Amino acid sequence: MDWNAILITTVKASIGLETVVYALAAIGVNIQFGYAGLLNFGQAAFLGVAAYGMAVTVATFHLPFWLGIAIGLAATIVLAFLLGIPTLRLRADYLAIVTIAAAEIVRLVFRSVKFSSVFGGSDGRQNFSGDFFAMNPYAPGTYGIGPISFNERVTWILTVGWVLIAICCGLVYLLMKSPWGRVLKAIREDEDAVRSLGKNVFSYKMQALVLGGLVGCLGGFLFALGQASVQPDLFSTEFTFYAYTIVILGGAARVFSPVVGAAIFWVLLVFVGNTLSEAVSAGLLPSLFTVNNIGAVRFMLVGLGLMLLLIFRPQGIFGDKREIALDAR
Amino acid sequence: MHADSTTTKKAAALAAFAGLDREPGVAKPDPILVVDNVVRRFGGLTAVDVAHLEIQRGSITALIGPNGAGKTTFFNQLTGFDSADEGSWTFNGRQLKGVPAHRVARTGMVRTFQLTKALSKLTVMENMRLGAQNQRGENFFRALVPGSWRRQEDEITERAEELLERFKLDAKRDDFAGSLSGGQRKLLEMARALMVGPELVMLDEPMAGVNPALTQSLLSHVKDLREEGMTVLFVEHDMDMVRDISDWVVVMAQGAVIAEGPPDTIMSDQRVVDAYLGAHHDAPMSAEEFEEQLQEAEAELEAEIEEKA
Amino acid sequence: MRRAVIAFTAFMGGLVFLLAAPAWADGEALKGTLQNQGQPVNGVKISVVAEDGKPVDDATSGADGKWEVPVPKAGKYKVTLDTSTLPAGVALKFKDRSTLDVQVYEGSVRNVLFALAPAGAKGGAAPAADDGGTSFWDRVAQLTFEGFNLGLIIALAAMGLSLVFGTTGLTNFAHGELLTFGAMCAYFFNVVVGVHLVWAALLSVVIGGIFGYGQDRFFWGRLRRRGSSLVAMMIISIGLALFLRYVFLFFFGGEGAPFADYNAQPGVQVGPISAAPKNFVAMGIELLVLVIVGVALLKTRIGKAARAVSDNPALAASSGINVDQVIRIIWTVGGAVASLAGVMLGLSQNVSYQMGFQILLLVFAGVTLGGLGTAFGALVGSIVVGLFIQLSTVVVPTELKTVGALLVLILVMLFRPQGILGRRERIG
């Protein structure tokens, strides 16, 4: 068992690209679900349309990078309105079903042969991150402490990612301390009561949906840029479910919980994954476990963890039990 | 609180009702709310069918009727929580049909709910602040600049504190609303409604589920609303309470207004007696009657199942 | 089902640089497995040509259907399947796709997929490309038949989902895994133990019923009594779905596989419709089960009670119905029927660990279309969804047929949220 390698990859995972991407997606989910009580199960679609909006603009149509970002942002807002207008007046579980369906539609269209000249089918799109890495201020080399270091490209993307996370957390902090955030939290509790006090509930829900989508879409940009590639199946429904797991792990309706939740989620996933595969190759586990099926065990644990959290600690690690939206009302 | 129960406001309200006809839909001297031909159907069932109704400004009007008379549905329609199939109604001369609930509240017609909707995971103070109108900080962009809404927030807090003191909730100010007792929640809901600055307060069963010890205090708060110049329309089952605080009573049965009149004589009106007895409700039940009702309910259930099939 | 595997591979690929190095071959290569209805196809020649037109190498598929061609470097390659080497009775599913352009990335082995189908006959749930000769109306008839086939499977699954929603308010995202569970059970008895599929299916229905009963007895029932909120239960069901799905993946593997019986049945022609006999029998069984469940709901005491609880639990409880018992029976029957649906789905496609999850959205579409919580609405809605999906391929590419169904789901939410047969809800 190479504990050294396991520890290094685990520590790197705590601040790595996946953590950044999932943290941004989860901050978005936290705004929608944690504060406003909206069950948006299509967060993956928001990341997807943003990433594809950018990638297609640059790679398919050879237009400038910043225009790609603008189109990605615009696509996210359009998606939020398309999803929100029909469903935000309906019950919470209707929104859940519609958003999950929409996310599947988006993914199927991206991967279809029919539109492969635009979206690239199941291979997706590459060759769009040149302009982004041209802005890289880091000289070639590795940056970090001892073995915990990254090359200049990863360092650049992680710098941008963590700055964006800091900005988003600041934004959420300011908003949730304000009367705007108060209306949102009240809607989560009982929207009829809020309506009876003269607030336009629909408008606030829409604002939350758009804001959460926009924060998530930053994660979509980073995901695409960090891998220098977009593929449709990165944005599957399971992505959204993991983002929910992260929010609940950290504790819904807490400013920093999605970030800490994402770090813990990836640290655990990478640590368990690496330890298990090392153990398999060292022959420490029964022959039932093989190199091929060991990956599944990690995600079994995710599912199990999500269930146990909701049953035994619905407030997550940092939440206040009296204040979260998940226990019995 | 108010030692002399017949205050000038009450006297004025009573004077306005003096000599009025007892017919449903009778015209009032100064109506704040006028309802015309409002109809609501659920499938084949007509839940509400009110031909004409006027609510006198500055009075306390009670809306009573047997279970299933359509009182709550009528309330929901007037306040924009449910749509009407037909009809129209005006508040202060303003047409309100089709106006969404939050706009109705902004015009000054604020309601409470039968099942109290205290926002239990917000503190009592946050509940109160939520009621205030035209908050600058409720705009997304201004919310990001605390300086732009701080001062207004302080004013709102001050007003909320006054109200909390009046409703004897000031000690609970930083508690989560969920930790309050049923009666305290009713008080909080009423106080929160007052934060909106309403002209007409609509209370849906304000006494339901309230500890008898708190009833008197709630009653006096309702009377205070009239003293401050507001109009009150409330749904209630408890006839003692209706007799105690209302100036005028409207009786609904099977969706329609069947009678109106002053509280001390309305219950002896033949139409009202028929409505209550005919519906088998709110009257003492014998064992046979109970058995009969049970069977009726079962038959209804059976019929409904058949219909679904 | 191949799609599911590719989807999963791609998803894992996204995470790949954090994982322990996968056991890839050293250099770049192209590889693939040729299968016809789950059976390996051997002796087929595959040739690879580089972007500049220079031939790279040829390969012939082995007894397991596998072939592999190493390539010198990353880049674009043309891969051609020599159709003349295909065995008799096997053809390319899409005739124009005998040559594929693929990109090989640095250090990776690229999987290339040639979809095969029985020559002449069309597969049950995977309609072949239009083979030109048939008239428009023949095609419509064929698609209608396939739509009913799919719709009936969805309806079987929807029955339990809808009744559970009606009685407990739970939107159960783990319902798809009940189908997968049924298919996996049948696969175990049929392929591993060696029992004939009919008996394996019966066993799996019984075990599925026990599984449903157990879920309610030891899991959902307890959560209900704890007073967990509906949103919490919904997310718990997502956790359960993830857990079960990866348990299936762990034991079953990522590849789809067929049952041991009724494979590669030659198609029979009935009027304008051509299909394998198993499809007719499957539809018969599905119809029979739906009719039995329907009659049970209408005529038996328990059925009436179930509908009463679904309509108004409080009223039902006050009229002396044991709500908990009714819910438990619904879970048991729902689990058994979902198991059957899983077996039927495995029969028309393949058994895979994602099959239930993939059809779940269509089940949701059927249930919402019919009106949430109404048993008969779910039935009608499901068949409409099945028909719509297959018939939409007249105008929509086959790969996008689900998109159409999901769009309709969204439109129904917009204009008639109570569904086709549902009634408007009373507020307050």
| message | Can you confirm whether C:ASP96 is modelled with pLDDT under 75, among the acidic types (Asp, Glu), open to solvent by 30 Å² or more (accessible area, probe 1.4 Å) and within 30 Å of C:ILE273 (Cα to Cα)? | response | yes
| task | Spot the failing condition for A:GLY146; the list is (1) open to solvent by 10 Å² or more (accessible area, probe 1.4 Å); (2) within 12 Å of chain B (Cβ to nearest Cβ), and only one is missed. | result | (2)
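Rundown of residues vs (1) more than 16 Å from the chain's Cα centre (by Cα); (2) over 28 Å from C:SER135 (Cβ atoms); (3) surrounded by fewer than 18 Cβ atoms within 10 Å (Cβ to Cβ), yes/no style:
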residue: C:ARG245; (1), (2), (3): no, yes, no
residue: C:ILE273; (1), (2), (3): yes, no, no
residue: C:ASN279; (1), (2), (3): no, no, no
residue: C:ALA282; (1), (2), (3): no, no, no
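Scan the stretch B:166-202 for residues that are of a type in the set (A, V, I, L, M, F, W, C), away from chain A (no Cβ under 14 Å) and either open to solvent by less than 50 Å² (accessible area, probe 1.4 Å) or in contact with a Phe, Trp or Tyr (Cβ under 9 Å, 6 or more places away or on another chain) (or both) and jot them down.
Start the filter on the stretch B:166-202 by keeping residues that are of a type in the set (A, V, I, L, M, F, W, C), which leaves B:167, B:169, B:171, B:176-177, B:180, B:187-188, B:190-191, B:193-196, B:200-202.
Filter again for away from chain A (no Cβ under 14 Å), leaving B:167, B:169, B:171, B:187.
Correct list: B:PHE167, B:LEU169, B:LEU187.
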| request: May I ask you to say which residue of A:VAL259, A:VAL267 is within 30 Å of A:LEU174 (Cα to Cα) and crowded, with 24+ Cβ neighbours inside 10 Å? | output: A:VAL259
| task | Can you work out which of the residues in the stretch A:80-100 that are of a type in the set (A, V, I, L, M) and either touching a Ser or Thr at 6+ places or on another chain (Cβ under 9 Å) or open to solvent by less than 20 Å² (accessible area, probe 1.4 Å) (or both) is farthest from the other protein chains (Cβ to nearest Cβ)? | result | A:ALA80
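Can you tell me which residue in the stretch B:147-159 is most open to solvent (accessible area, probe 1.4 Å), limited to those that are at the interface with chain A (Cβ under 9 Å from one of its Cβ atoms) and more than 21 Å from A:SER203 (Cα to Cα)? Steps first, answer last, please.
Taking the stretch B:147-159 as the starting set, the residues that turn out to be at the interface with chain A (Cβ under 9 Å from one of its Cβ atoms) are B:149, B:152-153, B:156.
Keeping just the survivors that are more than 21 Å from A:SER203 (Cα to Cα) gives B:152-153, B:156.
Working: B:GLN152: 42, B:GLU153: 22, B:ILE156: 12 Å².
For the stretch B:147-159, the residue satisfying everything is B:GLN152.
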| Just a yes or no: is a residue in the stretch A:190-210 part of a helix (DSSP H, G or I), of a type in the set (Phe, Trp, Tyr), at the interface with another protein chain (Cβ under 9 Å from one of its Cβ atoms) and within 20 Å of the chain's Cα centre (by Cα)? | no
| message | Would you confirm, using the coordinates I've provided, whether A:LEU218 is open to solvent by 10 Å² or more (accessible area, probe 1.4 Å), at pLDDT 95 or above and in contact with a helix residue (DSSP H, G or I) (Cβ under 8 Å, 6 or more places away or on another chain)? | response | yes
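Could you pull out the residue among B:THR72, B:THR61 that is under 15 Å from A:ASP192 (Cβ atoms) and under 17 Å from the mean Cα position of the chain (by Cα)? Step through it out loud before you land on a result.
Working: B:THR61 fails: under 15 Å from A:ASP192 (Cβ atoms).
Step by step, each of B:THR72, B:THR61 is checked, and only B:THR72 is under 15 Å from A:ASP192 (Cβ atoms) and under 17 Å from the mean Cα position of the chain (by Cα).
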| request: Say whether the condition of being within 18 Å of A:ASN127 (Cβ to Cβ) and more than 15 Å from the chain's Cα centre (by Cα) is met by at least one residue in the stretch A:41-52. | output: yes
| If you scan the stretch C:399-427, which residues turn out to be of a type in the set (Lys, Arg) and either modelled with pLDDT of 75 or more or within 30 Å of C:ALA115 (Cα to Cα) (or both)? | C:LYS401
| task | Would you be able to say whether some residue in the stretch B:106-128 is part of a helix (DSSP H, G or I), within 26 Å of B:LEU96 (Cβ to Cβ), assigned by TED's automatic domain parsing to the domain that holds B:ALA208 and open to solvent by 50 Å² or more (accessible area, probe 1.4 Å)? | result | yes
| said: Can you tell me which condition B:PHE81 does not meet? The list is (1) open to solvent by less than 70 Å² (accessible area, probe 1.4 Å); (2) more than 14 Å from chain A (Cβ to nearest Cβ); (3) under 22 Å from A:SER196 (Cα atoms), and all the others hold. | reply: (2)
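Conditions (1) more than 11 Å from chain C (Cβ to nearest Cβ); (2) assigned to a helix (DSSP H, G or I); (3) over 18 Å from A:ILE248 (Cβ atoms); (4) open to solvent by less than 10 Å² (accessible area, probe 1.4 Å), marked per residue:
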site	(1), (2), (3), (4)
A:ALA5	no, yes, yes, no
A:LEU24	yes, yes, no, yes
A:ASN30	yes, yes, no, yes
A:THR57	yes, yes, yes, yes
A:HIS62	yes, no, yes, no
| field | Residue tally, condition more than 12 Å from A:GLY37 (Cα to Cα) and open to solvent by 40 Å² or more (accessible area, probe 1.4 Å), over the stretch A:166-202 | value | 9
| said: I'm checking my understanding of the structure. Among residues of the stretch B:84-105 that are of a type in the set (A, V, I, L, M) and free of Cβ contacts under 8 Å to residues at least 60 places away in the same chain, which one is surrounded by the fewest Cβ atoms within 10 Å (Cβ to Cβ)? | reply: B:VAL99
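Scan A:VAL109, A:VAL163, A:VAL154 and give me the residue that is away from chain C (no Cβ under 14 Å), modelled with pLDDT of 90 or more and outside any loop (DSSP other than H, G, I, E, B). Steps first, please.
On the way: A:VAL109 fails: away from chain C (no Cβ under 14 Å); A:VAL154 fails: away from chain C (no Cβ under 14 Å).
Only one candidate qualifies: A:VAL163.
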| For C:SER339, all conditions in the list (1) modelled with pLDDT of 90 or more; (2) outside the structural domain of C:PHE188 (by TED's automatic domain parsing) hold save one; what is the number of the exception? | (2)
| field | Conditions (1) in a helix (DSSP H, G or I); (2) within 19 Å of A:VAL109 (Cα to Cα): number failed by A:PHE41 | value | (1)
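Any idea how many residues of the stretch A:289-313 are touching a Gly at 6+ places or on another chain (Cβ under 6 Å) and either at the interface with another protein chain (Cβ under 7 Å from one of its Cβ atoms) or open to solvent by 20 Å² or more (accessible area, probe 1.4 Å) (or both)? Give the steps one after another, and end with the answer.
First pass over the stretch A:289-313, keeping only residues touching a Gly at 6+ places or on another chain (Cβ under 6 Å): A:298, A:303, A:306-307.
Imposing the further condition that a residue be either at the interface with another protein chain (Cβ under 7 Å from one of its Cβ atoms) or open to solvent by 20 Å² or more (accessible area, probe 1.4 Å) (or both) reduces the set to A:303, A:306-307.
Of the residues in the stretch A:289-313, 3 are touching a Gly at 6+ places or on another chain (Cβ under 6 Å) and either at the interface with another protein chain (Cβ under 7 Å from one of its Cβ atoms) or open to solvent by 20 Å² or more (accessible area, probe 1.4 Å) (or both).
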| task | Quick one: which residue in C:LEU315, C:LEU340 is assigned to a helix (DSSP H, G or I), open to solvent by 10 Å² or more (accessible area, probe 1.4 Å) and more than 28 Å from A:ALA101 (Cα to Cα)? | result | C:LEU315
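So that you can scan it fast, the table gives a plain yes or no per residue for (1) open to solvent by less than 40 Å² (accessible area, probe 1.4 Å); (2) closer than 29 Å to B:ARG106 by Cβ; (3) not in a strand (DSSP E or B):
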site	(1), (2), (3)
B:MET207	yes, yes, yes
B:ALA213	no, no, yes
B:ASP244	no, no, yes
B:ALA259	yes, no, no
B:THR265	no, no, yes
B:ARG271	no, no, yes
B:LEU277	no, no, yes
| field | Selection from the stretch A:314-324 of residues that are in contact with an Asp or Glu (Cβ under 8 Å, 6 or more places away or on another chain) and surrounded by fewer than 17 Cβ atoms within 10 Å (Cβ to Cβ) | value | A:LYS321
| query | Failed condition for B:LYS97, given (1) part of a loop (DSSP other than H, G, I, E, B); (2) farther than 23 Å from B:ASP30 by Cβ, with all others met? | reply | (2)
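For a quick check of your reading: which helices (runs of 4 or more DSSP H) sit entirely within the stretch C:210-300 and have at least 3 residues that are within 14 Å of chain A (Cβ to nearest Cβ)? Reasoning before the result, please.
On the way: elements: C:221-226, C:230-252, C:277-299.
Result: C:221-226, C:230-252.
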| Quick check: is even one residue across the stretch A:270-287 among the aromatic types (Phe, Trp, Tyr), at pLDDT 90 or above, surrounded by 20 or more Cβ atoms within 10 Å (Cβ to Cβ) and assigned to a helix (DSSP H, G or I)? | no
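The values are calculated or read from the model by the stated rules, or taken from the named source; none is laboratory data. The model shown is predicted, which means the values in this text are computed figures rather than measured ones. Note that each Cβ is placed from the backbone with ideal geometry, even for glycine, and that neighbours are counted across all protein chains shown. Ligands, DNA and RNA are excluded from the accessible area calculation, which covers all protein heavy atoms including side chains. Shrake-Rupley method; radii C 1.70, N 1.55, O 1.52, S 1.80 Å.
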